[in-house]
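Chemist: I'd like to ask you about the structure that follows.
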Amino acid sequence: MAEIVLDGITKRYPDGALAVRDFNLTIADGEFVILVGPSGCGKSTTLNMIAGLEDITEGTLRIDGRVVNDRAPKDRDIAMVFQSYALYPHMNVRDNMGFALRLAKVDKAVIRTKVEEAARILDLTQHLDRKPANLSGGQRQRVAMGRAIVRDPKAFLMDEPLSNLDAKLRVQMRTQIAALQRRLGTTTVYVTHDQVEAMTLGDRVVVMRGGLVQQVGTPQHLYDAPVNLFVAGFIGSPGMNFLGATLEQNALRTSLGDLAVDDRLRRLLERQDAPRELIVGIRPEDFEDAALVGERRTGQACTATVDVRESVGSDVYVHFTQEGGPAGITELAELAADSGLADTGMRGHRIVARLDPATRAAEGSPMDLWIDTSRIHVFDPATGANLTHPERAEY
Amino acid sequence: MMSHRGRTLTGWGVVNLLVILYALIPVCWIAALSFKDPSTLTDGNFIPREWTWANYRGIFQTSEFTRALVNSIGIAVIATTIAVVLGTMAAYAVARLRFPGKRVLIGMSLLIAMFPPISLVSPLFNIERVLGIFDTWAGLIIPYMTFSLPLAIYTLSAFFREIPWDLEKAAKMDGATPAQAFRLVIAPLAAPGVVTTAILVFIFCWNDFLFAISLTSTTAARTVPAAIAFFTGSSQFQQPTGSIAAAAVVITVPIVIFVLLFQRRIVAGLTAGAVKG
Amino acid sequence: MSPPAAETEAAAPSAPGRRGELSEGARQERRLGLLLCAPAVVVMVAVTAYPIAYAIYLSLQRYDLRFPDQAHWVGFGNYGAVLTSPFWWQALWVTVLITVVSVAVELVLGMALALVMHRAIFGRGTVRTAVLIPYGIVTVVAAYSWQYAWTPGTGYLAALLPAGSAPLTDQWQAIGLIILAEVWKTTPFMALLLLAGLALVPGETVRAAMVDGATFWQRLWLVILPLMKPAILVALLFRTLDAFRIFDNIYVLTGGSNDTGSVSILGYDNLFTALNLGIGSAISVLIFLCVAAIAFLFIKIFGAAAPGGEPERR
Ligand SMILES: Nc1ncnc2c1ncn2[C@@H]1O[C@H](COP(=O)(O)OP(=O)(O)OP(=O)(O)O)[C@@H](O)[C@H]1O
Ligand SMILES: [Mg+2]
């Protein structure tokens, strides 16, 4: 178990590609940190640098207070779980799990007990003498985990360890990994593509984009106070809705009507010299069917025509289209590309609202919606910065 | 009238039969010749009228052929072993490691794969005479292993590339040095590729004729293909046809056995280097 | 593989390629890589690069093996002698003819064979095994089989010809038979290369063409062959270079008599029959240049990719 400190880590591949820029992070002993971001943002590269599988171009990496930049992976005492599991196909499960110990010249009897202990924890005891090719996906995944925990290393590194499993198994394994990590208390860095995994697993989440760290924080913090458009759009599912807005005297004029600006927000905007043209972000759950809200809370009502109504039982999702969403913002284009929205070829700008299942909303007919204006986010279109939560990212 | 399916099956049967006849007739013909009695050798019949082992007894009685057979086996085995060992080392490096000069190595093997052997015969003839290895096993082993190295490197590096790269990273994370990663993880997985390559290289060495007649002058190192070409009849007026046919059959047998046993692997090996990449 | 002009690893200037800045792991990897390649490189350089340089040196000398003491420098004299000799041009013409015809026939036959192996409903394994026999068999053995088959009095094929004909003693007929022997022996190799290329053509694409109403020939010509172009070019490159070096078949079938000798036969004869090392070496160098020109032509003009290149990322 150990503290891992990344200090100004930069990676430039030999072909010139700058994969990670100035990565700073202190991972506390026993902490579970998630690296998340769209494809190609440098997550695996960062992990491989911690593992020692890729050289660090600039910066220092300290494990337990010692600089390990120039140490080979085997001298770092770190275990890794690969996306492909990378099980040795010619060895049975027992030999796979004991391989690292065998290389470290650990006594055979000790290896045996450790492997069997790990197999017991992971429920692999009856498969110990089988070859990886004869195991199911979930079993292979557990063997890969077992290979890591047998060594009792200073830290676990996991690169999308669940992405080869089907949806149901993934949820199961996710809880298993979380429980295992809590039980062993080993420092863990976990890379994922999947923002649900990111939100549910880690103590802290690092959101990356294009090799740059965007924000670091607890899942709830990232959700409540994203520092910029990118984090706001990336965290949460369905994602935050974005609208173009013009700042008027006491309101933000949007295609959904005027959203009142309260004192706190006005002062924040004034202090930051906000431009007149802004972007407003509204999470789907900050909408509600106006008929169900009553008079009790302040907010803004508006009317829209329902395109699609999706009921998932506990909630109803309502989709509607707005003319002229915020255009020409690279972050938003990137987010759309990452989630595959860009390819659906839909015109206009989609808004998703999450409503109480009691709603009467019907496809094709207009409905009154209520917006919780106290929870809206306001972004500067030029920098993408969140003006509602101007605090610096916490490290 | 036959059903559509029946017709298709018959059609494929005929096609398959034609292909098999194409491949086998010349081989069967030389085998048939080898069993012919000297009196019926020149009757032009495909199938021998009189079957006899006389030709085989004949060639195994003279040291000319047995000596050549020993040479052929010894030279091919040694050259194959060396080429496969060196080729495995180089192919692993080409497929897996980052080091300067990799492209030079690839380019060079490509060049040698295309090299006309006749261009090397004259200088090698002279160099080997100076070094005193002309007409020795070493004199043939050296060019054989050189010319089969590109083949070995291509085939093996294609096989190495199919072994997932993650496995090696995993071995590194498990604390293996690069040498251990190679010995304990990659080598066992590469074994089928190595066997395939060994077969292809062996066939290559077994097959050679030009070096064998150019770089030998006595039976000291002459291999079977060259020896056959120097066979003489038992008398001046007798053609050595029967002996040649028998010797030809003897050196064809191991190839046929290889092909029967390792058909799948040979196909994989032949095509792996050429299509990937 | 892209041609060597593409960026090399050493060409990225700001990369951590500078010595002393590499981590322990990278240094170890580098050392291991060089170490593993060294023996192969040493062997290949010692046995090919040095001899070819020596061949060039020899080709600039008058060097008769019967009078080794009289060897002396003649500059390009040997090349002049070879290039003005009708024997060289005759041999070159025969070689080119054999190469072009046999490779063309092999391509068509090989493609047919590949399609048979690809589509056969049953007996695929048997066909493949059978087809490997011509590939594996010693060329000299096959050549003798053909020679005896065409020898009047002995051969079953000669027996089918009109009495008195001796095809191996006539220039054109003999060249035809040499091509036949060459085609028989190497078509399977061509077919296997093409089969591997065929396996890379996505079945879905071909089925899509079928749904679009393409006939068998249209599918072959408009869909399969274009998609197989890289495999075809590699197979052609290999076989052309190989056919240009033809020696064994001619040596056994005709010995090069009646103007059927290839350039390799000519080089061999000058070396071992005429014992003229200077002229023999000049011919060797010229053959090498021809082969280099063919390879260059294929790679530059047709864009054939050399096999065994590097993958995208290491
Ligand atoms: N060996 C390499 N050489 C050159 N560039 C590379 C190499 N490996 C990765 N890159 C580049 O570095 C960037 C980051 O890659 P990385 O693999 O870390 O992404 P990732 O965040 O793990 O993405 P994914 O979610 O798709 O796995 C990418 O733009 C990639 O193209
Ligand atoms: Mg990745």
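Chemist: For the range A:35-44, just list the computed ³J(HN,Hα) in residue order, Karplus coefficients 6.51, -1.76 and 1.60, θ = phi - 60°, integers in Hz, with x standing in for Gly and Pro.
Modeler: So the Karplus estimates, Gly and Pro as x, are 9, 9, x, x, 4, x, 7, x, 5, 5 Hz.
Chemist: While we're here: Once Rh for the range A:21-122 is found with the Kirkwood sum over Cα pairs, what is the Stokes-Einstein diffusion coefficient at 20 °C and 1.002 mPa s, in µm²/s?
Modeler: The estimated diffusion coefficient comes to 133 µm²/s.
Chemist: Same structure, new question: Relative contact order for chain A using alpha-carbon pairs under 8 Å, separation at least 6, rounded to a whole percent?
Modeler: Reported as a whole number, the value is 17 percent.
Chemist: Compute the acute angle (0 to 90°) between the alpha-carbon long axis of helix A:137-150 and the principal axis of greatest extent of the alpha-carbon atoms of chain A; round to the nearest 10°.
Modeler: Value to nearest ten degrees: 60.
Chemist: Separation between the A:Ser365 and C:Leu200 pseudo-spin-labels, each 7 Å from Cα along Cα→Cβ, expressed in nm?
Modeler: 6.0 nm
Chemist: Highest first, please rank the peptides A:61-70, A:140-149, C:275-284 by the mean number of other Cβ atoms sitting within 10 Å of their residues.
Modeler: C:275-284, A:140-149, A:61-70
Chemist: Mind checking C:217-225 for the average number of partner chain beta-carbons within 10 Å of each residue's beta-carbon?
Modeler: If you average over the peptide's residues, the count of other-chain Cβ atoms is 0.
Chemist: With only alpha-carbon atoms in the gyration tensor, what are the semi-axes of the equivalent ellipsoid for the range C:86-302, in Å, largest first? Mind showing how you got there, number by number?
Modeler: On the way: eigenvalues 253, 107, 38 Å².
Output for the range C:86-302: semi-axes of 36, 23, 14 Å.
Chemist: Report, to the nearest 10°, how far helix B:117-131 tilts away from the longest principal axis of the Cα atoms in chain B, using its own Cα long axis and a range of 0 to 90°.
Modeler: Approximately 90 degrees, to the nearest ten.
Chemist: Below 8 Å between Cα atoms, with a sequence gap of 6+, how large is the relative contact order for the range C:86-302 in percent?
Modeler: Reported as a whole number, the value is 29 percent.
Chemist: Still on this structure, please answer the following. Report the calculated FRET efficiency for A:Thr26 and C:Trp217 (r = Cβ-Cβ distance, R0 = 41 Å), to the nearest 0.05.
Modeler: That gives a FRET efficiency of 0.05.
Chemist: Also, I was wondering about something else. Mind checking the alpha-carbon convex hull of the range B:1-142 and giving the volume per residue in Å³?
Modeler: About 256 Å³ per residue, rounded to a whole number.
Chemist: What's the extension gain from B:Asp43 to B:Phe230 if we count 0.36 nm per residue and subtract their Cα-Cα distance?
Modeler: Numbers: separation 187, 0.36 × 187 = 67.32 nm, distance 2.43 nm.
Contour length minus the Cα-Cα distance gives 64.9 nm.
Chemist: Next question. Can you bin every Cα-Cα distance in chain A into 20 Å intervals starting at zero and give me the percent of pairs per bin, rounded to whole numbers?
Modeler: Binned Cα distances yield the sequence 25, 48, 24, 3.
Chemist: If you plug each phi of the range C:126-131 into the Karplus form 6.51 cos²θ - 1.76 cosθ + 1.60 with θ = phi - 60°, what whole-Hz ³J(HN,Hα) values come out, in order, with x for Gly and Pro?
Modeler: Listing the rounded values in order: 4, 4, 4, 5, 4, 5 Hz.
Chemist: Starting from the Cα of A:Val106, move 7 Å in the Cα-to-Cβ direction to define the label point; list residues of the range A:52-85 whose amide nitrogen is under 19 Å from there.
Modeler: Zone members listed by number: A:73-82.
Chemist: I want to check the label-to-label distance for A:Arg66 and B:Arg264. Put each point 7 Å from Cα in the C-beta direction and report it in nm to one decimal.
Modeler: Going by the 7 Å Cα→Cβ label model, 4.8 nm.
Chemist: Taking a ≥ b ≥ c as the square roots of the Cα gyration tensor eigenvalues, with a/c under 1.5 meaning rounded and otherwise prolate when a/b beats b/c, else oblate, which class fits the range A:55-211?
Modeler: Because a/c hits 1.5 or more and a/b fails to exceed b/c, the range A:55-211 counts as oblate.
Chemist: Using r as the Cβ-Cβ distance of B:Thr66 and B:Gln239, and R0 as 22 Å, what FRET efficiency do you calculate, to the nearest 0.05?
Modeler: Here the calculated transfer efficiency is 0.55.
Chemist: Quick one: angle between helix A:93-103 and the longest Cα principal axis of chain A, in degrees between 0 and 90, rounded to 10, please.
Modeler: 70 degrees
Chemist: Can you give the calculated 222 nm mean residue ellipticity of chain B, where each DSSP H run of n ≥ 4 adds -39,500 (n - 2.57) and the sum is split over every residue, rounded to the nearest 500 deg cm²/dmol?
Modeler: For chain B, the value works out to -25000 deg cm²/dmol.
Chemist: Does the range A:88-132 come out rounded, prolate or oblate, given a ≥ b ≥ c as the square roots of the eigenvalues of its C-alpha gyration tensor, rounded meaning a/c under 1.5 and, failing that, prolate meaning a/b above b/c?
Modeler: The shape class here is oblate.
Chemist: If r is the Cβ-Cβ distance from A:Thr321 to A:Glu58 and R0 is 51 Å, what FRET efficiency results, to the nearest 0.05?
Modeler: The formula returns an efficiency of 0.65 here.
Chemist: What translational diffusion coefficient, in µm²/s and rounded to a whole number, does the Stokes-Einstein relation yield for chain B at 20 °C and a viscosity of 1.002 mPa s, taking the hydrodynamic radius as the Kirkwood radius over Cα pairs?
Modeler: 99 µm²/s
Chemist: What does the structure give for C:192-205 when I average, per residue, the other chain Cβ atoms found within 10 Å of the residue Cβ?
Modeler: 2
Chemist: With viscosity set to 1.306 mPa s at 10 °C, what whole-number translational diffusion coefficient in µm²/s follows for the protein assembly as shown from Stokes-Einstein and a Kirkwood radius over Cα pairs?
Modeler: 47 µm²/s
Where a number appears in this text, it was derived from the coordinates with a stated rule and is not lab data. Everything numeric here is computed off the predicted structure, so don't read it as measured data. No Cβ is skipped: glycine too gets one built from the backbone with ideal geometry, and neighbour counts run over all protein chains shown.
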